[in-house]
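Readers should treat all values here as calculations from the given coordinates under stated rules, not as data from a laboratory. Keep in mind the model is a prediction, meaning the values are calculated, not measured. All Cβ positions, glycine included, derive from the backbone under ideal geometry; neighbour counts span all protein chains shown.
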Amino acid sequence: MESIGFGIMCFGDDRYFKGAKDIIDNLTKRGFPCYVLTDNENHFLEKYWGRITIVPYKRTYKSYYDKVLLVKEIHRNHDVCILLDADLHVKDYNLFDRFRYYNFKDGVSYIDTLWNHTAKFKTVGDIPMQSDEWLEYKNYAKTLFHNIDNIEPLWEYFFVFNKSGFNS
């Protein structure tokens, strides 16, 4: 059995906070540790004091790297970090009980790609990134991996980071 910690990033509209609370309630009821990266700590303090780990978030602009911050925090205490989107709709929380005995792959795993999402992006190159913010990001990513346009984009509502095989 792997030591698992669940992470949720919660910013923005009230609907995200409501969704996060539903996920937290169900996971903590099952005995799973929950970590919440949020810019509104007070929203969680009263109800969850001592039951979850609140990771304060102070940045103005949110980015993919923020998820890595949460992963690093969870990996301090757990072998496996599972990130869930705050607006994830879970039909059957019994799914998470099966994770207690699941043999996770080394490194990073994911459930689905944006091809199966309503966006229907088969590759990163299909995603419209012409705005100044996204074009700068895409150009930077190409310096790291020139063939990035041909990679499948992840639908990241459910992301697993196994400390084994993951270089944080």
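Assuming R0 = 30 Å, what is the FRET efficiency of residue 95 and residue 120, from their Cβ-Cβ distance, to the nearest 0.05? Numbers along the way, then the final one.
Working: r = 26 Å, r/R0 = 0.86.
So, using R0 = 30 Å, E works out to roughly 0.70.
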**Request:** Quick one: order 65, 110, 48 by neighbouring beta-carbon count within 10 Å, fewest to most.
**Result:** 65, 110, 48
**Prompt:** aspartates and glutamates within cross-link reach of residue 62: Cα-Cα under 20 Å, excluding same-chain residues under 8 positions apart?
**Reply:** 13, 14, 39, 41, 73, 85, 87, 132, 133, 136, 156
**Message:** To the nearest 20 Debye, how big is the dipole of segment 37-98 about its Cα centre, given +1 on the beta carbon of each Lys and Arg and -1 on that of each Asp and Glu?
**Reply:** 160 debye
**Request:** Mind ranking 75-88, 18-31 by how tightly packed they are, going by the mean number of other C-beta atoms within 10 angstrom, highest first?
**Result:** 75-88, 18-31
**Item:** Rounded to 5, the percent of DSSP beta bridges in the chain classed as antiparallel
**Value:** 40 percent
**Request:** In debye, nearest 20, what is the charge dipole magnitude of the chain about its Cα centre with +1 on Lys and Arg Cβ and -1 on Asp and Glu Cβ, if you could check?
**Result:** 400 debye
**Message:** Sort 5-11, 98-104 by packing, meaning the average of other beta carbons within 10 Å per residue, with the highest value first.
**Reply:** 5-11, 98-104
**Lys/Arg +1, Asp/Glu -1 at C-beta; the chain dipole; positive extreme among 23, 75, 109** = 75
**Subset of 91/138; 18/58; 18/163 violating a 28 Å alpha-carbon distance limit** = 91/138; 18/163
**Asked** Residue by residue through segment 72-85, which ³J(HN,Hα) values in whole Hz follow from phi under the Karplus form 6.51 cos²θ - 1.76 cosθ + 1.60 (θ = phi - 60°), with glycine and proline marked x?
**Response** 4, 4, 5, 5, 5, 10, 9, 6, 10, 10, 10, 9, 10, 5
**Asked** Taking H as built 1.01 Å from N, whose amide H comes closer than 5 Å to the amide H of residue 107, not counting residues under 5 places away?
**Response** 162, 164, 165, 166
**Item:** Which of 165, 121, 154, positive extreme of dipole for the chain (C-beta unit charges)
**Value:** 165
